[in-house]
Amino acid sequence: MATNPGLLYKFPWEDMGNYKYLLYVPFAATVLSGNDDADNWSAHICTIAVLRYIVAQIFTSISRIHNITERTKIQDKGISYEQIDREDNWDDYIILQSYVMTAVHHLPYLGYGGFPLYNNAGLWQMLWWHVGPTEFVYYWLHRGLHHKFLYSRYHSHHHASFVTEPITGSVHPFMEHLMYTANFAIPLLGPFFQGGA
């Protein structure tokens, strides 16, 4: 927990515990009932979420195999139960981004739809928007989060993890994830407005 939790510190579904996974039910029900839209949006959201969980599990499992990590380990100290409990909600950002992307998908005049399977111009535009403005904003956003006002209210939660693991990078309060989600929307929205996507 942050030393002095700020506005929108907790995720809206934090008090749901493991029942938070019920937030995926509307996506799964849409797919299973055959009511998905022409872009198979709900199927894509479910697939992306499952793949993100699998990748996180693979990297977490690998990071705990001593024979693989012994030469690159930064800390000899083992992970504490306090850190395990604090990082238990590491996946809240996946739920958040599933709902944010779905909201954008359904926005009039902006909603994503009818994308081709591959678009070379859109790929290069997305790369430019990511390497340029997104990384610039991310750098200054992260520096700002280290200012004592924001650090004590949000970012100290992330730095409370002494033994870093693959999931430690995604352990942030809700407000911080909103900031990151807005920033990482830049490479998705940039090509859209340029006509590349």
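The values are calculated or read from the model by the stated rules, or taken from the named source; none is laboratory data. Because the structure is predicted, anything quoted here is derived from the model rather than measured. Here the Cβ positions follow ideal geometry from the backbone for every residue, glycine too, while neighbour counts run over all protein chains shown. The protein model used for the area step is the full one, side chains on, heavy atoms only, and it has no ligands, DNA or RNA in it. Shrake-Rupley method; radii C 1.70, N 1.55, O 1.52, S 1.80 Å.
I want to verify a result. In a Gaussian network model of the chain, Cα cutoff 10 Å, which of these has the top mean-square fluctuation: I84, I74, I62?
Highest fluctuation among the options: I74.
Considering the dipole of region 1-157 built from charges on the beta carbon (Lys and Arg +1, Asp and Glu -1) around the Cα centre, which of L123, T134, P108 is farthest to its positive end?
T134
To the nearest Å, what is the center-to-center distance of region 152-197 and region 1-67, using C-alpha atoms only?
Region 152-197 and region 1-67 have Cα centres spaced 15 Å from each other.
Per residue, how large is the accessible surface of the chain? Use a 1.4 angstrom probe and give square angstrom. Write out the running numbers ahead of the final one.
On the way: 12490 Å² over 197 residues.
Each residue of the chain exposes 63 Å² on average to a 1.4 Å probe.
If the only charges are +1 at each Lys and Arg Cβ and -1 at each Asp and Glu Cβ, what is the size of the charge dipole of the chain around the Cα centre, to the nearest 20 debye?
480 debye
Report, in degrees rounded to the nearest 10, the 0 to 90 angle that the Cα long axis of helix 92-105 makes with the longest principal axis of the chain.
Helix 92-105 sits at roughly 20 degrees to that axis.
How far, in nm, would the chain grow between M1 and Q194 when pulled straight, counting 0.36 nm per residue and subtracting the alpha carbon separation? Each step should come with its number before you reach the end.
On the way: separation 193, 0.36 × 193 = 69.48 nm, distance 4.09 nm.
Going from the current span to full extension adds 65.4 nm.
Pulled fully out, how much extra length does the chain show between W128 and L23, if you take 0.36 nm times their separation in residues and subtract their Cα-Cα distance?
That works out to 34.4 nm of additional length.
Within the chain, which is the longest segment containing none of the trypsin sites (Lys or Arg not before Pro) that sit in a DSSP loop and have at most 16 other Cβ atoms within 10 Å?
Maximal segment without exposed cleavage sites: 78-197.
Express in nm, to one decimal, how much length is gained between I62 and D39 on full extension, taking 0.36 nm for each residue of separation and deducting their alpha carbon distance. Could you put the intermediate results ahead of the total?
Numbers: separation 23, 0.36 × 23 = 8.28 nm, distance 3.50 nm.
Extra length from I62 to D39 when fully extended: 4.8 nm.
What percent does the relative contact order of the chain come to when contacts are Cα pairs within less than 8 Å and at least six residues apart?
Relative contact order, the chain: 37 percent.
According to the square roots a ≥ b ≥ c of the eigenvalues of the Cα gyration tensor, what is the shape class of the chain, taking rounded for a/c under 1.5, prolate for a/b larger than b/c otherwise, and oblate for the remainder?
Because a/c hits 1.5 or more and a/b exceeds b/c, the chain counts as prolate.
Excluding L96 itself, calculate the net charge of residues whose Cβ lies under 14 Å from the Cβ of L96, where each Lys or Arg counts +1 and each Asp or Glu counts -1.
With Lys, Arg at +1 and Asp, Glu at -1, the neighbours total -1.
If the cut-off is a Cα-Cα distance under 16 Å, which aspartates and glutamates reach K10, setting aside same-chain residues fewer than 8 apart in sequence?
Excluding near neighbours in sequence, the set is D85, E87, D88, D91, D92, E176.
If I model a spin label as a point 7 Å beyond the Cα along the Cα-Cβ vector, how far apart are those points for T69 and E82 in nm?
Inter-label distance under the simple model: 2.0 nm.
Nearest 10 degrees, 0 to 90: what angle lies between the long axis of helix 120-129 and the longest principal axis of the chain (Cα atoms)?
Approximately 40 degrees, to the nearest ten.
Just to confirm the filter: which GluC sites (Glu not before Pro) across region 26-118 are DSSP coil and have at most 16 other Cβ within 10 angstrom of their Cβ?
E70
Take the solvent-accessible surface of the protein heavy atoms, probe 1.4 Å, and return the percent of it on region 82-197 that carbon and sulfur atoms account for.
The value for region 82-197 is 68 percent carbon and sulfur by accessible area.
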